[in-house]
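The values are calculated or read from the model by the stated rules, or taken from the named source; none is laboratory data. As the structure is a prediction and not an experimental result, all values here were calculated from the model. Note that each Cβ is placed from the backbone with ideal geometry, even for glycine, and that neighbours are counted across all protein chains shown. Only protein heavy atoms, including side chains, enter the accessible area calculation; ligands, DNA and RNA are left aside. Shrake-Rupley method; radii C 1.70, N 1.55, O 1.52, S 1.80 Å.
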Amino acid sequence: MKEKIAFLFPGQGSQAVGMGKELAALYPVARQTFDEADSALGYKLSQLCFEGPEEKLRLTEITQPAILTMSVAAQRVLREKGVSPKFVAGHSLGEYSAHVAAGSLDFADAVRTVRNRGKYMQEAVPVGQGAMAAVLGMPLAEVERICKQAAQDDICSPANINSPEQIVISGSKPAVERAAELAKAGGAKRAIMLPVSAPFHCALMQPAQDRLGKDLQDLTFHRPQLPLVKNVDGELTQDSEVARQALVSQVTGAVQWVKSMQTLIAQGVELFIEVGPGKVLCGLLRQIDRSKPFANAEDEASLARALAAISS
């Protein structure tokens with residue numbers, strides 16, 4: 001029986017039409033979570049999650065509350081089945097799901113906040129002016145050097161330090177394109193421009209950070225009941241003010257996912273469960289430390305496998 005469990009919550013890019021549909025049909029607590037989100041937002045988010053259309057679900061201000069709601073629904077089903085995590089962490093947007101799981105943010109507040117977060121991020125940079133790229137198979141120090149070289153008078157910096165194999169960079173489009181070319185020439189396995197609507201987690205997001213900071217200041221943060229890993233530095237906190245500030249800084253700061261996972265590994269976590277849509281974080285964990293057991297929970301089949309992994 002595994003006692004030390006960490007719940008990991010995915011971020012943007014993990015959405016898929018149909019997510020949560022099966023859980024909502026089988027578990028009243030999941031259905032109720034989608035109903036809560038619908039009433040907090042004033043539109044049928046549940047319908048967009050279950051039926052699409054995909055192009056609407058892909059809009060940042062819909063994607064963010066959609067993934068949060070799906071993650072919270074799955075988390076509540078796990079809790080109902082007696083699974084309690086000892087730690088929580090979330091990738092970018094997923095940090096809000098982690099806060100709901102830790103009891104530091106009320107769900108309805110979190111749903112409305114991430115809708116605004118998506119809107120502010122989208123509005124911070126005119127479409128087409130920013131870009132992001134994934135650099136595969138290049139050490140962080142080398143990626144940082146290339147970003148500096150490519151930036152010239154523009155912005156270009158690491159945005160998601162996802163695994164030793166994968167670092168996402170973000171900034172103004174010309175600078176990110178230059179960095180991707182330099183990375184290819186400098187020995188990266190691949191450098192791929194990403195189909196994103198805005199350059200997340202870089203200095204260009206400052207207008208969004210300022211707007212979101214005001215919203216977060218007005219929210220009630222409770223003391224996290226579980227140690228929560230902060231994206232900005234990969235460290236644990238159970239302090240509500242520190243946690244609030246970390247969500248503000250996160251908008252322009254890089255997601256320190258490697259450090260976050262190393263922190264949890266050092267705490268002796270026995271099983272990592274990705275709670276919500278997809279298996280992106282399971283894949284990253286495999287690149288960070290292949291020896292660590294993981295599972296995911298997004299539908300009935302994966303839920304059954306996760307429960308089996310806990311009792312094995």
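If you go through segment 270-281 and keep only what is touching a residue at least 40 places away in the same chain (Cβ under 8 Å) and either open to solvent by less than 50 Å² (accessible area, probe 1.4 Å) or within 17 Å of the chain's Cα centre (by Cα) (or both), you end up with Leu271, Phe272, Ile273, Glu274, Val275, Gly276, Pro277, Gly278, Val280, Leu281.
To keep it simple, each residue is scored yes or no on (1) under 28 Å from Glu123 (Cα atoms); (2) surrounded by 24 or more Cβ atoms within 10 Å (Cβ to Cβ); (3) at pLDDT 95 or above.
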position	(1), (2), (3)
Met19	yes, yes, yes
Glu36	yes, no, yes
Leu48	yes, no, yes
Glu55	yes, no, no
Leu59	yes, no, no
Ile67	yes, yes, yes
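The set of residues from segment 169-200 being under 17 Å from Val255 (Cα atoms) and either small (Gly, Ala, Ser) or surrounded by 24 or more Cβ atoms within 10 Å (Cβ to Cβ) (or both) comprises Ile169, Ser170, Gly171, Ala198, Pro199, Phe200.
Do we have Ala131 as open to solvent by less than 20 Å² (accessible area, probe 1.4 Å), within 24 Å of Glu274 (Cβ to Cβ) and touching a residue at least 40 places away in the same chain (Cβ under 8 Å) here? Spell out the reasoning first.
Numbers: open to solvent by less than 20 Å² (accessible area, probe 1.4 Å): yes; within 24 Å of Glu274 (Cβ to Cβ): no; touching a residue at least 40 places away in the same chain (Cβ under 8 Å): yes.
The answer is no for Ala131.
Quick check on segment 74-111: of everything there that is within 16 Å of Ala297 (Cβ to Cβ) and free of Cβ contacts under 8 Å to residues at least 60 places away in the same chain, which residue is surrounded by the most Cβ atoms within 10 Å (Cβ to Cβ)? Across segment 74-111, the extreme among qualifying residues is Val100.
Among the residues making up segment 218-254, those that are closer than 23 Å to Gln12 by Cβ and among the small types (Gly, Ala, Ser) are Gly234, Ala243, Ala246, Ser249, Gly253, Ala254. Scoring Ala40 on the criteria (1) among the aliphatic types (A, V, I, L, M); (2) open to solvent by less than 30 Å² (accessible area, probe 1.4 Å); (3) outside any helix (DSSP H, G or I) leaves a single failure, condition (3). Summed over segment 233-247, residues that are of a type in the set (A, V, I, L, M, F, W, C) and under 18 Å from Ala266 (Cα atoms) total 1.
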